[in-house]
1. List every residue pair whose Cβ atoms sit under 9 Å apart, with the two residues 6 or more apart in sequence or on different chains, where the first one lies in segment 42-56 and is on the phi > 0 side of the Ramachandran plot and the second, anywhere, is β-branched (Val, Ile, Thr) and not in a strand (DSSP E or B).
2. Out of everything in segment 4-27 that is within 19 Å of THR98 (Cα to Cα) and out of contact with any helix residue (DSSP H, G or I) (no Cβ under 9 Å at 6 or more places or on another chain), what residue ends up being surrounded by the most Cβ atoms within 10 Å (Cβ to Cβ)?
3. So, in segment 28-55, how many residues would count as being crowded, with 17+ Cβ neighbours inside 10 Å, modelled with pLDDT of 90 or more and over 8 Å from the mean Cα position of the chain (by Cα)?
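The values are calculated or read from the model by the stated rules, or taken from the named source; none is laboratory data. Being a predicted model, the structure only gives us computed values, none of them experimental. Here the Cβ positions follow ideal geometry from the backbone for every residue, glycine too, while neighbour counts run over all protein chains shown.
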Amino acid sequence: KELDDLGVKKPFDIAFDAEGNAFVTGTESDNVVKLDPEGNLLKTFPGFSRPMGIISNSQGEQWVSNSRLIDLPCPDKNVDNEADPSVANIDANDVVTTYTGGGVWIPWG
């Protein structure tokens, strides 16, 4: 299957969970996709803005680096439209939690 047809534009990184499912990011995508070991789409995680790096841990979580402003609920978005770094966690139950700002640049607070 073509990743482009599954919603991944310009694939950038891939991580695998313990079941062999793949989580794929793309530099021109606004989502992360989860594929089964045969390449079938299991889930699309929307709300990202050009997600890039992704890594899995032993707890079944995926950690995603987000490269631009996020579209997930965030009460204090940056007002000057500069890119906000963020990291998102996709837990073992496919729940996404996003942590904006962080060690690179914090535009508020």
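1. GLY47/ILE70; ARG50/THR27
2. THR25
3. Final tally of qualifying residues: 3.
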